[in-house]
Amino acid sequence: VSATFAASLVSSPAIGAYLSASYGDSLVVLVATVVALLDICFILLAVPESLPEKMRPLSWGAKISWKQADPFASLKKVGK
């Protein structure tokens with residue numbers, strides 16, 4: 001996994017620079033957007049849930065309030 005990540009860090013800017021020089025910046029943005037959307041689709045459709053059903057928290061699927069979603073309140077709790 002780390003070798004693939006390292007290879008992508010090296011090759012992606014080179015591919016982007018080539019596409020930008022040859023076809024323009026808009027193609028680079030389009031390709032990056034398509035790759036990102038394909039990533040999201042792959043994650044949603046092909047990657048299974050890793051936790052078994054009995055290990056998943058009961059709160060998953062429950063609605064949360066804006067008070068629970070407040071990042072500053074969470075930071076205050078962590079600070080205490």
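The values are calculated or read from the model by the stated rules, or taken from the named source; none is laboratory data. If you're wondering where the values come from, they're calculated on a predicted model, not measured in any experiment. Don't worry about glycine lacking a Cβ; one is built from the backbone with ideal geometry, like all the others, and counts go over all protein chains shown. These accessible areas exclude ligands, DNA and RNA; they are computed on the full protein's heavy atoms, side chains included. Shrake-Rupley method; radii C 1.70, N 1.55, O 1.52, S 1.80 Å.
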Number of the exception - residue 67 against (1) open to solvent by 100 Å² or more (accessible area, probe 1.4 Å); (2) at pLDDT 90 or above; (3) in contact with a helix residue (DSSP H, G or I) (Cβ under 9 Å, 6 or more places away or on another chain)
(2)
So is residue 34 in contact with a Ser or Thr (Cβ under 6 Å, 6 or more places away or on another chain) and at negative phi or not?
no
Could you check region 1-41 and list, in sequence order, the residues that are modelled with pLDDT of 90 or more and not in a helix (DSSP H, G or I)?
24
Among (1) within 30 Å of residue 12 (Cβ to Cβ); (2) open to solvent by 100 Å² or more (accessible area, probe 1.4 Å), residue 41 falls short only on (2)
